[in-house]
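Input: a single structure, listed below in structure tokens.
Read-outs throughout are calculated quantities, based only on the coordinates presented, and are distinct from any laboratory measurement. All of these numbers come straight from a predicted model, not from anything done at the bench.
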Amino acid sequence: MPNLRPLLMLIALLMSTTLVACSQADANAAPERTFTVSGHGEARAAPDIAMVSAGVRTQAATAKAALQANTAAMSGVFKSMKALGIADRDMQTSNFSVSPVYEPYRDGQTGPQKVIGYQVFNQVTVTIRELARLGEALDTFVSAGSNELAGVSFSIDKPDPLQDEARVAAIKDAMHKADLMTRAAGVKLGRLMTMSESGGVRPMPAAPMAMRAEKASVPIAAGEQQLDADVTLTYEIQ
């Protein structure tokens, strides 16, 4: 059987020489020239849903009594919301707490503060899908027994089409900048190499819209929602 060792050593030497030559060629090659540019896009629309957070805070000498009073009041709130046409899926408990109430601190007091009662807080967040009835809903909250209104926020129920508008605007903005800047620099724009995106929704106070419900006199300014998109494009420079 012939000795294959010399042949294998020769093959290994040739492969090593080839790898070294390729590595040197890569090192001597001209570096790739790229150009990165960012673009921003916006799209605006009036909101079509509202989220209202309201609740009931009760206090009594015992936790049991405070909880019973709170349960009765919140049951009335839920009942009134359903009577207004709010679906179960649009009502969600967002905060619930039971905490002790202490006697006021007195100057010179050395001992611990005495517990004089208990406080129960139950808050619900309701989605209003008919903005024309938002004022009526706020009035209903108060009339049904809610004694704390945490706030009202607005949103767009289906933001995807508007977000796509913002994306297209961002890409056009980036492409415009890329064309302008490369022409000014006297170079030619090559192929698009990478693309990335970031962005989101943020409320805008512009163009407030006053609303007044039929059965309540609560003025509401819904304003506008603005969706943003930011893109980063990397081009090859020829």
Check your understanding: Where a Cα-Cα gap under 17 Å defines reach, which lysines qualify for LYS82, not counting those fewer than 8 residues away within the same chain?
Key -> LYS215
Review point. Using a cut-off of 20 Å between alpha-carbon atoms, which lysines can reach LYS188, once sequence neighbours fewer than 8 places away in the same chain are excluded?
Key: LYS172, LYS177
